[in-house]
């Protein structure tokens, strides 16, 4: 009787949770766990009254801003953070990326909660139709997706860090603007939770990028530096046009562009 064939590769085993090669993994994991939240805990329905004080143009702008943020979080949750997992050096790093991917999905769900609370189905459908037709929103999605699907771990981390730490902010501006005028304050509270998460995500992925950069020679570092600035300039130029396509109708474009410039130059 023939012997059964035994598959030797690939091998897998339990996560060695007691071995930590980088203390930053545990530090960030603990911070993410302690920061955990769900949108159901935020009383968004309390914003209905102030939502009704916005003009039709302001409501349309707000819905479009959130559809743009939904697209970015969906990309980051289903492709971006997931694409970093195979590059993880330790099980702890892998666990952090998995947590990041999960929370990005929570963020996308949060925007859905905002829509369902404040908007009609027809308004939501119109906003999402707009998102598929806006050339600048679609362009930044394509730019980032191209690098996520590429085979360069360092470039993936650059693209991910820029998304977490820069591309969201043209959208984050608006709920903070409304909140400063005592409008949509609960929605702004939810966005602040998202901003807190994105700050940790961007910090961690940027940190892992720096650690990876330490392992390569100077020629490779120069290549990555040139790539980073090229990508940032490309994304920044597109983001200016995206901002104008959103905010020109309510006269806020220049203020948002100043906010974008601040976030781009502090990276």
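Just so it is clear, none of the values below were taken in a lab; they were calculated from the coordinates. Just so we're clear, the structure is a prediction, and the values are computed from it rather than from any experiment. Glycine also receives a Cβ, built like all others from the backbone with ideal geometry; neighbour counts cover every protein chain displayed.
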Among 184, 26, 232: highest mean-square fluctuation, GNM of the chain, C-alpha pairs under 10 Å: 26
Report the full-extension gain for the segment residue 89 to residue 122: residue separation times 0.36 nm, less the Cα-Cα distance, to one decimal in nm. 7.2 nm
Most fluctuating residue given options 191, 48, 100, as computed from a GNM of the chain linking Cα atoms under 10 Å: 48
Using 0.36 nm per residue of separation minus the Cα-Cα distance, give me the extension gain between residue 33 and residue 46 in nm, one decimal. 1.9 nm
Top mean-square fluctuation among 165, 50, 83, Gaussian network model of the chain, C-alpha springs under 10 Å? 50
Between helix 185-213 and the chain, what is the angle of the helix's C-alpha long axis to the longest principal axis, kept within 0 to 90° and rounded to the nearest 10? 30
Where does each of 222-231, 107-116 land if you order them by average Cβ count within 10 Å, highest first? 107-116, 222-231
Give the relative contact order (percent, whole number) for segment 44-265; include only Cα pairs under 8 Å separated by 6+ residues. 27
Which parts of segment 62-96 would a label at residue 22 reach, counting a residue when its backbone N lies under 16 Å from a point 7 Å out along Cα-to-Cβ? 81-96
Length added when fully stretched, residue 244-residue 149, from 0.36 nm per residue minus Cα-Cα: 31.3 nm
Helix axis angle, 253-265 relative to the chain longest principal axis, alpha carbon, degrees: 20
Compute the angle between helix 23-34 and the longest alpha-carbon principal axis of the chain, please, reported from 0 to 90 degrees and rounded to the nearest 10. 40
Quick check on segment 166-244: take the gyration tensor over C-alpha atoms, sort the square-rooted eigenvalues as a ≥ b ≥ c, and tell me if it's rounded (a/c under 1.5), prolate or oblate. oblate
Which value in deg cm²/dmol, rounded to the nearest 500, describes the helix-derived mean residue ellipticity at 222 nm for the chain, given -39,500 (n - 2.57) per DSSP H run of n ≥ 4 and division by the residue count? -23500 deg cm²/dmol
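Is segment 46-155 rounded, prolate or oblate when judged by the Cα gyration tensor, a ≥ b ≥ c being the square roots of its eigenvalues, rounded requiring a/c under 1.5 and prolate requiring a/b larger than b/c? Present the calculation step by step, with values, prior to reporting the outcome.
On the way: a/c = 3.81, a/b = 1.89, b/c = 2.02.
The shape class here is oblate.
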Whole-number D in µm²/s for the chain (Stokes-Einstein; Kirkwood sum over Cα pairs; 37 °C, 0.692 mPa s): 165
